[in-house]
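Written out below as structure tokens is the structure these notes cover.
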Amino acid sequence: MQQSMIGEIVRTARRSLLAAFGLTALLLILLPIERNHSDQAIAAATEKARAASVISEQIRLEDERLTMSAWMAAATGEQRWIERYERHLPAIDRDIAQAKALAPSALSRRFDAETSKANAALVRMETASFEAVRKGDMPRARSILDSNEYRAQKKILSDGTTRFVHGLTAHAAKDLANVKGRKRVLLFMLSLLAGASFLGMWHLLNTRLSRLEVDYSHAERRLHMRAAHDELTGLLNRRSFNDRATEMIERANASGVGLTVITMLDLDNFKDVNDTLGHQVGDELIRAVGRRIMNRLPESAILARLGGDEFAIAANALDEAHAQRIIEEALGCLKETFALHSENLRISTSAGIAIGPIHADNVDDLLRLADMALYRSKSDGRNSIQMFSPEMDESVRIRRELESDLRNAIADGQLELHYQPLCNAPGSDMSGVEALVRWNHPTKGLISPALFVPIAERNGQICELGAWVLERAFQDARRWPTIITAINLSPRQLKHPDFLSTLKRLVERLEVDPRRFELEVTESLLLEESERVQNVLATLHLMGFRIALDDFGTGYSSLSYLRKFAFDKIKIDQSFIKSIETSAEAAEIIRSVVNLGHALHMTTTAEGVETQEQRHFLEAAGCHQMQGYLFGRPDTADAIADRLARQHRAVA
């Protein structure tokens with residue numbers, strides 16, 4: 001019986017061991033499968049969060065691009081900002097569709113409900129602003145973008161996007177929690193099966209599962225890391241920067257001590273690096289720039305990559321001088337050479353600074369003002385740090401005032417034409433005049449055409465202005481029938497579909513002889529719609545007008561252009577004339593242009609002649625005609641008529 005009991009115990013033990021070994025073997029088979037499944041779940045959740053972060057940041061970036069384009073169009077009236085807006089508009093719709101595809105249906109529907117109407121409302125308001133820009137109503141265009149409704153819809157889009165990212169991150173975290181739950185079930189089963197004889201096996205398996213738990217924890221941290229940081233550099237992304245910078249501003253405002261400096265910066269001519277050395281070198285340069293700046297910033301400061309080669313800095317400062325010093329020290333390290341992939345690169349940066357609460361009290365406005373200062377840095381030649389100043393806004397305000405006043409200038413008789421003499425060489429006899437428009441503003445005095453003509457170009461008034469110049473010049477030229485009158489044409493004016501018909505009606509109404517007029521066009525016109533331009537110039541020739549190419553040598557002119565467009569005159573730009581006495585190269589260029597004019601049977605006119613030495617050189621070179629202060633400054637039609645009368649009396 002004892003043996004039977006022992007046998008039974010042995011058999012029971014054997015059965016138990018066999019069952020334990022069988023179940024253990026089954027678990028050992030299931031464990032890699034579960035691990036593989038868990039890894040796939042981790043990878044899927046991580047990738048979903050990463051993709052959501054990337055797409056959400058792209059939505060924010062495209063939204064900001066659209067907003068900046070709308071604001072710049074409303075501020076400047078330039079068509080290119082509207083065109084930039086229209087190029088980027090489809091991108092935000094595409095990104096929103098991709099974002100919804102990543103999420104569960106309930107989260108996607110909520111995201112769509114929260115943002116689609118706001119996005120559509122923003123597009124409608126921005127489109128209305130553009131319509132106002134096209135009509136020249138800049139105050140209306142800006143008021144739309146500055147309205148409470150516009151801000152509200154912007155906030156709805158931003159908040160909805162933020163909630164979507166948080167929701168998708170939470171969904172990914174829930175997936176990870178489910179994986180953890182399966183791990184706990186496995187652990188419980190092992191604890192039931194394991195006994196003293198299997199303690200080592202249990203320990204081995206528990207260690208393995210603990211390692212899995214650590215992996216899960218790391219995966220969770222990576223999820224949150226990727227949602228808050230730029231993937232290329234590991235720096236903060238735009239959303240995280242805005243949140244952290246807002247906290248810094250609120251703390252500084254609450255304490256009443258210290259300032260918050262916000263800086264926008266980018267790398268000058270970064271596109272050349274990508275184009276010449278490839279995107280791999282460009283990406284490595286971006287990472288190296290981020291590392292260098294971080295090493296130079298104070299510990300409490302933050303750095304973000306906003307996209308491309310654009311970075312943003314937020315730091316605490318004691319005063320404006322301290323703020324400037326922080327940024328100068330942080331960016332000074334970028335002057336040192338970067339050794340990347342056997343290439344030694346030297347770069348420069350442009351940066352703009354805005355300080356809270358001096359310039360603004362919230363991060364959005366400070367970023368906008370810093371971006372305005374960055375734009376000034378680039379406009380002034382790049383490679384500099386510009387502090388925002390009210391004058392930057394003031395210059396925009398002045399342009400807006402002039403834009404508004406210019407609409408009434410023609411109707412109110414504020415514009416007038418002055419005429420600069422064109423003199424034969426040799427001698428100083430006046431053989432023609434060039435019509436130059438002036439604006440006699442009732443409160444601001446005489447305004448240079450260099451200021452208001454570009455404004456007219458941007459807001460679409462240049463055609464109306466050009467028509468007024470043509471009509472007044474035709475009328476004034478009746479007083480000097482023996483000389484030629486030159487009139488400048490704007491490229492936009494000449495390409496207008498009604499230009500030729502308007503000009504023909506004007507010629508007929510005023511009974512003008514086109515042979516007494518010379519129409520001047522610029523070189524930039526030759527690169528745009530060459531066939532159409534060629535047809536227009538050919539029609540002007542058939543009407544009897546002479547055609548002159550202005551500022552020759554500064555742009556794109558070539559012998560093929562001169563032959564194709566059959567100009568009657570080429571005008572040598574004054575920049576070459578000023579260099580005659582100091583630059584042998586400029587003197588040789590002038591001789592070559594004059595010889596080219598003779599070979600093509602074209603008149604050559606030298607602009608900006610101010611000294612007798614310049615005059616003698618041009619006479620020796622064979623230049624046909626000269627223009628400049630040496631022969632007379634621009635003057636009124638009465639003064640030109642008097643001078644011409646004196647010239648005729650002297651000849652008689």
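Every number in this text was worked out from the coordinates using simple rules, so none of it is lab data. Small disclaimer: the values here were computed from a predicted structure and weren't measured. Quick reminder, even Gly has a Cβ in these numbers, built from the backbone with ideal geometry, and neighbours come from all protein chains shown.
Worth a mention:
- Leading residue at positive end of dipole, the range 398-651 (Cβ point charges), from 621, 499, 431: 499
- Highest-first arrangement of 340-351, 456-467, where packing means the average Cβ count within 10 Å: 456-467, 340-351
- Neighbour-count order for 375, 150, fewest beta carbons within 10 angstrom listed first: 375, 150
- More than 29 Å apart - percent of Cα-Cα pairs taken over the range 238-388: 15
- Among the listed pairs 444/571; 271/564; 495/564; 100/154, those with a Cα-Cα distance over 23 Å are 444/571; 271/564.
- Total charge dipole magnitude, the range 70-139, about the Cα centre, Cβ charges on Lys, Arg, Asp, Glu only, Debye to nearest 20: 180
- Computed on the range 120-170, with alpha-carbon pairs under 8 angstrom and 6+ residues apart, the relative contact order is 31 percent.
- Surrounding net charge for residue 442, when Lys and Arg each add one and Asp and Glu each subtract one, Cβ distance under 10 Å: -1
- Global form of the range 398-651, assessed from the alpha-carbon gyration tensor, a/c cut-off 1.5: rounded
- About the Cα centre, charge dipole magnitude for the range 238-388 (Lys/Arg +1, Asp/Glu -1 at Cβ), debye: 180
- Cβ-Cβ FRET estimate between residue 321 and residue 120, R0 fixed at 35 Å, reported to 0.05: 0.15
- Note on the range 313-415: dipole from Cβ charges, positive end direction compared against 413, 323, 383; the farthest Cα belongs to 383.
- Amide H to amide H distances under 5 Å link residue 231 with no residue, where only residues 5 or more positions off or on other chains count and H is placed in the peptide plane.
- Sites residue 162 and residue 254, calculated FRET efficiency, Cβ-Cβ separation with R0 22 Å, nearest 0.05: 0.40
- Put a dot 7 Å past the Cα of residue 595, heading toward its Cβ, do the same for residue 443, and the two dots end up 5.8 nm apart.
- Within straight-line cross-link reach of residue 504, aspartates and glutamates at Cα separation under 19 Å, skipping those fewer than 8 residues along the same chain: 464, 471, 476, 513, 518, 520
- Length-normalised contact order for the range 398-651 - Cα pairs under 8 Å, 6+ apart - percent: 20
- In plain terms, the chain from residue 482 to residue 408 could stretch by 23.2 nm, reckoned as 0.36 nm per residue minus the Cα-Cα distance.
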